[in-house]
């Protein structure tokens, strides 16, 4: 029997609990805004292509917040500001609006709307204080309106009211802003019913997650963090409340049954985090399958997945199949996502022309099919059923796409509809027809998450560990009150459930930061304060102080993929997740005053990026040397290397290292040349498709394809400014910049 290549998309829809029991309102608006932009349109796109089936995961605590907004009983701080007459705004409210009502993707949510873009340009070019001192009531009224309008998905723009608002553009009054908020509610009311309808039709499978999105392995025992990182620093007192696992699972099960009229089959473990300890609870609750990441599979099999130059795995027969997990409560199936394909959608395709992005994904899937055919000895058809799982966040990436992803989805879905060799299925559809035939012993299942197969994103740093200690003390206090049951003291239990959610720990410490770091810190502590108050216990004094230090970021390592426009303008939000090295003001023997103020660096799946910020008013050839040279080598790859061919270099590290690639940039002519060291240890020219732009700053994009290296390869780079081949200065002053190809 021949088979198509089966593909299971799993879209994960999740937001933490933003409601403050202390303030009685939602502190942040993201459920409401994503509710009008991402949850409904995702499946409405799919409904246009009835042959295509997918899986959507709805976190229970998100469902409850959606329903709160749908009922009109939810109120968030940003919504209250929107519904305040502009002439009644106080100075601090105006300051807050100026700071936060541009929290959106500039390219796709702000720039397309002339009035919104005008206000944003004023803030960026003239500054926040200028806006505070010069904006009129009309400016605030329009900003309040556009912050809400811009988040309404383009799929709804044919609605007459929305079309009129978009055409109007400015001079929005309070009555119109009230109608915009009401329109948001109308959209949000459709979300859960539409999911149920499409599941009943068979085109959609809806799955669930533990109640408030906790990391179940860490609830069972926070020492699970040391499975992947044996030397991980842990909280002084371990968190070990395994009994909370069935509570989160049963609440998720009940919420699901009430909304969808049936029992869930699949469970998305929060952050795709799994461990042997949690499996019996999942099976006992009645779930049939779970999903995790290829890194977890690799650790479990003691196998590292290698990929070719195009990013496709060499061992597809290991990744693209379900596995069986045996527990004393029954068997579970588990599927593992292709990490790279998922990340291409989540972080990279938004920068591409939609049809090219869709073609690239289809090309990867066709290459996987060819590879599997070769594994079976050739032939023109697949003799076994294989499943490629693509699983990712279903809400946060689309603002980086044209029209919130609509052109991408149309191109992608049409290609699937036309290609009989690629078939989109729900996970349960596949498992019912093709149950797993290979078993991973439960004790061999790795304890880890989708991020490198570890838990370091949520535990192990001082701030994260401090939060776990606070949570542990609160949970212990609750246990000392056996009279406080979920029935007679729901406030205490809801508070501990909320505090056990993963999101608070995500934002503590290094690695992730946003314009709302302090609010996340505050919400976590307020949940714990609520618990103590509900138990009539004294509130520990430390809960009134921030857990983390929330300072403006200066120097930091990369936090994620970046997708900058190479135009020399250096839009900050495009480089927000990049690594950053402050250079201005340094006084080294090889650095000339403050010629270069800072250096940004980062990657996505297609390019390596570099940005140099110079002194204001610089002139190439006068203040700034006329050449920039980038040299790098690959510490994990054996290959020919040689020394840097520039004059006047000190014989000291890193300038006396041996390098494999060289990119030269003439800053006067904007020309580039790429060289590679051959077996003769000499430099040889290579074709390059480098993009550069020099305007307010210098931005460089170097395609990975020009380097002919493999995914997961590390490289170490140094940048040198020179005049006609003569050394002038080196960046950074000490050491090298380390990149890793995704």
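The values are calculated or read from the model by the stated rules, or taken from the named source; none is laboratory data. Note that the structure is predicted; figures quoted are calculated from it, not measured. Cβ placement follows ideal geometry from the backbone for every residue including glycine, while neighbour counts extend to all protein chains displayed.
Being within 30 Å of residue 5 (Cβ to Cβ), at pLDDT 95 or above and touching a strand residue (DSSP E or B) at 6+ places or on another chain (Cβ under 8 Å) is a description that does not apply to residue 62.
I need the full set of residues from segment 55-103 which are surrounded by fewer than 17 Cβ atoms within 10 Å (Cβ to Cβ), more than 25 Å from the chain's Cα centre (by Cα) and in a helix (DSSP H, G or I), in order please. Result: 80, 87, 88, 91, 92, 93, 95, 96. Using the structure shown, decide if residue 255 is in contact with a helix residue (DSSP H, G or I) (Cβ under 8 Å, 6 or more places away or on another chain) and crowded, with 21+ Cβ neighbours inside 10 Å. Spelling it out, it is not the case that residue 255 is in contact with a helix residue (DSSP H, G or I) (Cβ under 8 Å, 6 or more places away or on another chain) and crowded, with 21+ Cβ neighbours inside 10 Å.
Where strands (runs of 3 or more DSSP E) fall entirely within segment 654-742, those with at least 2 residues that are under 23 Å from residue 603 (Cβ atoms) are at 661-666, 671-677, 691-694, 697-703, 714-723, 726-731, 737-740. Please determine whether any residue of segment 337-355 is crowded, with 21+ Cβ neighbours inside 10 Å, in the same structural domain as residue 272 (by TED's automatic domain parsing) and either more than 24 Å from the chain's Cα centre (by Cα) or not in a helix (DSSP H, G or I) (or both). Scanning segment 337-355 turns up at least one residue that is crowded, with 21+ Cβ neighbours inside 10 Å, in the same structural domain as residue 272 (by TED's automatic domain parsing) and either more than 24 Å from the chain's Cα centre (by Cα) or not in a helix (DSSP H, G or I) (or both). Criterion first (part of a helix (DSSP H, G or I), assigned by TED's automatic domain parsing to the domain that holds residue 264 and either surrounded by fewer than 23 Cβ atoms within 10 Å (Cβ to Cβ) or within 26 Å of the chain's Cα centre (by Cα) (or both)) does residue 428 satisfy it? Taking the combined requirement at face value, the residue satisfies it. Every condition in (1) at pLDDT 95 or above; (2) at positive phi is met by residue 408 except one, and the failing one is (2).
The set of residues in segment 476-524 being in contact with a strand residue (DSSP E or B) (Cβ under 7 Å, 6 or more places away or on another chain) and more than 22 Å from residue 29 (Cβ to Cβ) consists of 500 alone.
Here is a yes/no grid of residues against (1) surrounded by 23 or more Cβ atoms within 10 Å (Cβ to Cβ); (2) in a loop (DSSP other than H, G, I, E, B); (3) touching a helix residue (DSSP H, G or I) at 6+ places or on another chain (Cβ under 9 Å):
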| residue | (1), (2), (3) |
| --- | --- |
| 147 | yes, no, yes |
| 162 | no, no, yes |
| 179 | no, no, yes |
| 194 | no, no, yes |
| 206 | yes, no, yes |
| 230 | no, yes, no |
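For first residues located in segment 292-321 and outside the structural domain of residue 364 (by TED's automatic domain parsing) and in a helix (DSSP H, G or I), partners that are surrounded by fewer than 16 Cβ atoms within 10 Å (Cβ to Cβ) and at pLDDT 95 or above and lie 6+ apart or on another chain with Cβ distances below 9 Å do not occur. Looking only at segment 525-559, residues that are outside any helix (DSSP H, G or I), out of contact with any helix residue (DSSP H, G or I) (no Cβ under 7 Å at 6 or more places or on another chain), farther than 13 Å from residue 477 by Cβ and at pLDDT 85 or above come to 2 in all. The residue of segment 457-472 that is surrounded by the most Cβ atoms within 10 Å (Cβ to Cβ), among those that are more than 21 Å from residue 540 (Cβ to Cβ) and at pLDDT 95 or above, is 458.
The set of residues from segment 415-425 being in contact with a helix residue (DSSP H, G or I) (Cβ under 9 Å, 6 or more places away or on another chain) and in a helix (DSSP H, G or I) comprises 415, 416. The set of residues in segment 310-331 that are buried (at least 19 other Cβ atoms within 10 Å of the Cβ) and touching a strand residue (DSSP E or B) at 6+ places or on another chain (Cβ under 6 Å) comprises 313, 319, 320, 322, 323, 325. Tally the residues that are touching a residue at least 12 places away in the same chain (Cβ under 8 Å) and either part of a helix (DSSP H, G or I) or under 21 Å from residue 454 (Cα atoms) (or both), restricting the search to segment 257-290. Residues that pass the stated criteria total 22. Residue check: residue 442 meets all listed conditions (1) within 28 Å of residue 295 (Cβ to Cβ); (2) surrounded by fewer than 23 Cβ atoms within 10 Å (Cβ to Cβ); (3) under 22 Å from the mean Cα position of the chain (by Cα) but one, namely (3). Taken over segment 27-56, the criterion of being over 24 Å from residue 416 (Cβ atoms) and out of contact with any helix residue (DSSP H, G or I) (no Cβ under 7 Å at 6 or more places or on another chain) is satisfied by 30, 33, 34.
I'm checking my understanding of the structure. Among residues of segment 473-495 that are under 25 Å from residue 236 (Cβ atoms), touching a helix residue (DSSP H, G or I) at 6+ places or on another chain (Cβ under 8 Å) and touching a residue at least 60 places away in the same chain (Cβ under 8 Å), which one is surrounded by the most Cβ atoms within 10 Å (Cβ to Cβ)? Going through the qualifying residues, I end up with 495.
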